[in-house]
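The next block holds one structure in the form of structure tokens; read it before the comments.
Computed from the coordinates by the stated procedures, all read-outs in this text should not be read as laboratory data. Values in this document were obtained by computation on a predicted structure and should not be read as measured data. Note that each Cβ is placed from the backbone with ideal geometry, even for glycine, and that neighbours are counted across all protein chains shown.
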Amino acid sequence: MVVSPRMTPELKAILRARFGLDKPLWYQYYLYLSNIVRGDFGTSFYWQGDVFDILKARFLPTVLLFTLGYLMAYALGINLGRIIAWRRGGKLEYGSTVLGLFFYTMPIFWLGLLAIWIFSYKFDLFPVGGMKSPEVWSAAAGVSTLAKILDVAYHLFLPLTVFTVWVFTGSMLLMKNSMLETLREDYIVTARAKGLPEKKIRDHHAARNAMLPVVTALALSMAFSFNGGVLTETTFSWPGLGSALVEASLNYDYPLAQGAFILLAGVVLLAVLCADILYAYLDPRIKY
Amino acid sequence: MKPASHIEVKTKWQRRKERIGNLWSLFKQSKVGVLGIIILAIFFVLALASTIPPKIDDMYIPLYGTDPEIIGFSQPSARHPMGTDFMGRDLFSQLLEGAKWGLAVGITAAAASVIVGTVVGLVSGYFGGTVDTLLQRMADIVLTLPSIPLILVIGAALGRLSIWNIVILIGMLGWPSTSKVIRSQVLSLRERPFIESARISGASDSRIIFRHIAPNVLPLSFLYMTFGVTGAILTEAALSFLGLGDPSTVSWGMMLQWCFTSGYTFKAPFWLLPPGLCITFLALSFYLIGIGTEQIVNPRLRKR
């Protein structure tokens with residue numbers, strides 16, 4: 001063990017009591033877990049502050065970016081996917097598949113760099129990164145709350161667009177495939193035979209059922225999409241949990257990295273729960 | 001006993017050749033699958049070509065080579081078709097070297113995760129009961145963990161990761177989806193009569209699993225491997241870009257990381273664009289091959 005020689009015996013005793021260093025390993029782990037439950041994630045090596053206090057400020061930006069991104073991506077993906085599947089077999093389907101896959105397999109951080117290059121560097125339309133402009137948020141500026149919200153929205157636009165596009169391509173391709181399967185079901189033929197208008201068949205009979213596998217995949221792929229979220233945050237220096245995790249890992253700041261990871265995993269679980277509830281709402285046959 | 005002259009007796013090789021021919025004609029029906037093969041072939045050529053520049057001149061060695069006349073960054077020139085990076089190293093030979101590492105990392109990591117996933121799926125589906133429950137709950141846990149943050153935390157704890165550490169980590173985190181698919185196949189296969197007859201003739205559990213069931217799920221494993229390669233390539237690129245890559249390996253993600261950290265991101269399009277495009281196209285090619293393979297593996301998707 002590495003211990004500074006200047007450490008006083010009193011300090012050693014305090015540390016030993018705090019981490020239970022003279023107790024068996026399982027007790028140390030129990031101590032760690034019970035501290036986490038109480039919101040005590042330890043002290044950051046790098047910032048010298050309480051990990052939970054540092055991460056508290058990082059929580060909301062992540063939730064904002066991910067929730068908005070997901071809602072927009074899935075709303076767009078489901079709507080466009082059903083239209084593309086409806087006009088199947090044409091150039092639209094082939095083109096959208098190849099283009100969609102192109103964006104789907106693109107490294108999201110590189111897409112982010114391209115967006116910054118074009119929109120921030122060449123045309124100077126959006127900020128390069130961050131979440132707030134200091135001149136708007138300083139106490140001396142005295143601007144209204146609305147101006148502050150608009151300032152965040154202005155910073156949010158590029159990362160949100162990149163994240164949405166990346167999630168959207170996946171949901172669009174999935175909805176298209178699911179819709180193509182659904183269109184071959186007998187009840188679609190029945191609906192046609194009844195003489196229902198095309199739009200009604202597409203939206204009420206086919207799309208409603210085709211959405212179910214998409215929502216299942218939404219829950220299953222949540223962890224995967226969070227990878228993209230972490231990369232988006234880092235590329236745009238968005239002050240969220242993901243970028244906190246990356247910085248902490250590169251600084252070898254273990255308590256902060258662990259804390260950020262636990263909170264991020266918590267957000268994943270929460271999102272999966274939301275998808276499960278949504279599934280029960282969409283499919284009345286499912287009962288929990 | 002001689003076979004009747006009008007019956008053609010096929011050797012093992014002829015039969016095998018015929019089967020591969022059949023599979024290829026099925027695969028050919030998928031336009032995107034063929035496109036994927038073509039793109040992949042180009043990258044294989046690039047990876048093979050990566051050995052050529054270092055032989056021409058020492059300054060084309062991707063990691064150490066420096067041009068005596070150019071110190072630091074330079075724009076494209078006759079000597080350096082894509083320019084040089086901040087240390088004066090040739091970017092084009094780095095790009096070729098990246099093709100080699102992209103293929104190596106992608107294929108080995110995906111193979112590792114597919115082998116683990118297939119074995120877990122076979123065991124879990126064949127034995128059922130407690131073994132199944134334990135393995136599947138483990139798969140559920142790994143499935144809900146975001147892989148890049150997890151590798152970052154592990155990387156921080158271990159110090160520096162070598163490229164093969166990264167491959168192992170990607171492989172160890174990628175198996176659950178394969179195992180779930182294989183398991184569901186095994187659940188239906190194990191009820192078939194040929195498994196029962198194997199059991200009656202005294203075959204052991206391991207023989208039944210690996211000799212009788214495994215060959216039937218291998219096409220599915222291959223399918224998941226092609227999708228796995230896409231994921232592995234993107235994950236390695238992301239980790240390298242974040243600064244957790246192996247600095248002694250010239251991968252495309254590393255090239256982007258060097259570009260980003262040395263401050264040339266928006267000044268050197270020949271440095272920023274090619275590695276990203278290469279990552280995209282290599283990942284895309286495996287995904288397209290996967291779509292083509294899906295039509296062979298899943299008969300429901302064939303031309304209707």
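Quick notes
- Exclusive hit being crowded, with 17+ Cβ neighbours inside 10 Å, small (Gly, Ala, Ser) and either out of contact with any Pro (no Cβ under 7 Å at 6 or more places or on another chain) or part of a helix (DSSP H, G or I) (or both), set A:266, A:229: A:229
- Selected residue (criterion: nearest to residue B:155 (Cα to Cα)) from residues of segment B:210-259 that are β-branched (Val, Ile, Thr), more than 9 Å from chain A (Cβ to nearest Cβ) and part of a helix (DSSP H, G or I): B:229
- If you filter segment A:248-266 down to residues that are more than 9 Å from chain B (Cβ to nearest Cβ) and touching a residue at least 40 places away in the same chain (Cβ under 8 Å), you find that the one that is farthest from residue A:115 (Cα to Cα) is A:255.
- Some residue of segment B:260-273 being within 25 Å of residue A:221 (Cα to Cα) and within 11 Å of chain A (Cβ to nearest Cβ): no
Let's see how each residue does on (1) on the phi > 0 side of the Ramachandran plot; (2) touching a helix residue (DSSP H, G or I) at 6+ places or on another chain (Cβ under 7 Å); (3) of a type in the set (S, T, N, Q); (4) more than 14 Å from every other protein chain (Cβ to nearest Cβ):
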position: A:94; (1), (2), (3), (4): no, no, no, no
position: A:131; (1), (2), (3), (4): no, yes, no, yes
position: A:135; (1), (2), (3), (4): no, no, no, yes
position: A:146; (1), (2), (3), (4): no, no, no, yes
position: A:184; (1), (2), (3), (4): no, no, no, no
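- Residue A:66 vs. criteria buried (at least 16 other Cβ atoms within 10 Å of the Cβ), within 11 Å of chain B (Cβ to nearest Cβ), in contact (Cβ under 8 Å) with a residue 60 or more places away in the chain and of a type outside the set (Ser, Thr, Tyr): no
- Residues that are under 21 Å from the mean Cα position of the chain (by Cα) and at the interface with chain B (Cβ under 8 Å from one of its Cβ atoms), drawn from segment A:112-124: A:113, A:114, A:116
- Residue match in segment B:289-298 (condition: within 13 Å of chain A (Cβ to nearest Cβ), of a type in the set (Val, Ile, Thr) and crowded, with 19+ Cβ neighbours inside 10 Å): yes
- Here residue A:80 meets each of (1) assigned to a helix (DSSP H, G or I); (2) over 28 Å from the mean Cα position of the chain (by Cα) with one exception, condition (2).
- Residue tally, condition in a helix (DSSP H, G or I) and either surrounded by 18 or more Cβ atoms within 10 Å (Cβ to Cβ) or among the β-branched types (Val, Ile, Thr) (or both), over segment B:153-168: 8
- Subset of segment A:69-94 [touching a residue at least 24 places away in the same chain (Cβ under 8 Å) and under 15 Å from residue A:218 (Cβ atoms)]: A:69, A:70, A:72, A:73, A:74, A:76, A:77, A:78, A:81
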